[in-house]
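Here the structure comes first, spelled out in structure tokens, and everything after it is commentary.
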Amino acid sequence: MENRHQVGMDKLMEYTDTSNKKISTHLKIVDDLKDIAPDVADMIIDFGYGEVYAREGLTNKQRALVTISSLVTQGTEPQLELHLNTGLTAGLTRKEIVESLIQLIPYTGFPRVLNALRVAKKVLEQREQTTN
């Protein structure tokens, strides 16, 4: 169990930017869940990152794009904000993110993509503030 948790934490940190306290990260989620559902935080780390994200076959960037696409189709903007940040940390560019969102229009529809673009704009502005 400890090994899976450590593998998960190591993988999670590959997706986590700690240089800007304003951006959404899994570490904030883990901290927020401590009081109400600490087991859920462990599930995210142990299963999500220790089992799924640690698998071979996809790069971190590819995993981030798949996750972002899925979240857009579900209309889950808070989680999308988090995963746009993880995608940028994994190496996705602004162009790759925007084009991926546009690619979803025929499959997901304008409303969800417009919402996603609004979230992407917020995240990109926050991230650009840390690099300037």
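The values are calculated or read from the model by the stated rules, or taken from the named source; none is laboratory data. What you see is a predicted model, and the numbers here were worked out from it, not measured in a lab. Positions of Cβ are generated from backbone atoms using ideal geometry, with glycine treated the same way; all protein chains shown enter the neighbour counts.
For the reader, a short list of remarks on this structure follows.
- Selection status of residue 99, more than 28 Å from residue 3 (Cα to Cα) and at pLDDT 95 or above: yes
- Residue in region 8-46 that is surrounded by the most Cβ atoms within 10 Å (Cβ to Cβ), counting only those that are among the basic types (Lys, Arg) and closer than 23 Å to residue 77 by Cβ: 28
- Annotation note: Cβ proximity below 6 Å between a residue of region 1-20 that is closer than 27 Å to residue 129 by Cβ and a residue that is of a type outside the set (Gly, Ala, Ser) and part of a loop (DSSP other than H, G, I, E, B) (sequence gap 6+ or interchain) occurs for 16/25.
- The set of residues from region 107-124 being without any contact (Cβ under 8 Å) to a residue 12 or more places away in the chain and either under 13 Å from residue 73 (Cα atoms) or outside any helix (DSSP H, G or I) (or both) comprises 109, 110, 111, 114.
- Unmet requirement for residue 95, which otherwise passes all of (1) basic (Lys, Arg); (2) without any contact (Cβ under 8 Å) to a residue 24 or more places away in the chain; (3) touching a helix residue (DSSP H, G or I) at 6+ places or on another chain (Cβ under 7 Å): (3)
- Any hit, region 49-57, residues being in contact with a helix residue (DSSP H, G or I) (Cβ under 6 Å, 6 or more places away or on another chain), surrounded by fewer than 17 Cβ atoms within 10 Å (Cβ to Cβ), of a type outside the set (D, E, K, R) and modelled with pLDDT under 95: no
- Positions within region 102-132 being polar (S, T, N, Q) and either under 17 Å from residue 16 (Cβ atoms) or modelled with pLDDT under 95 (or both), in sequence order: 126, 129, 130, 131, 132
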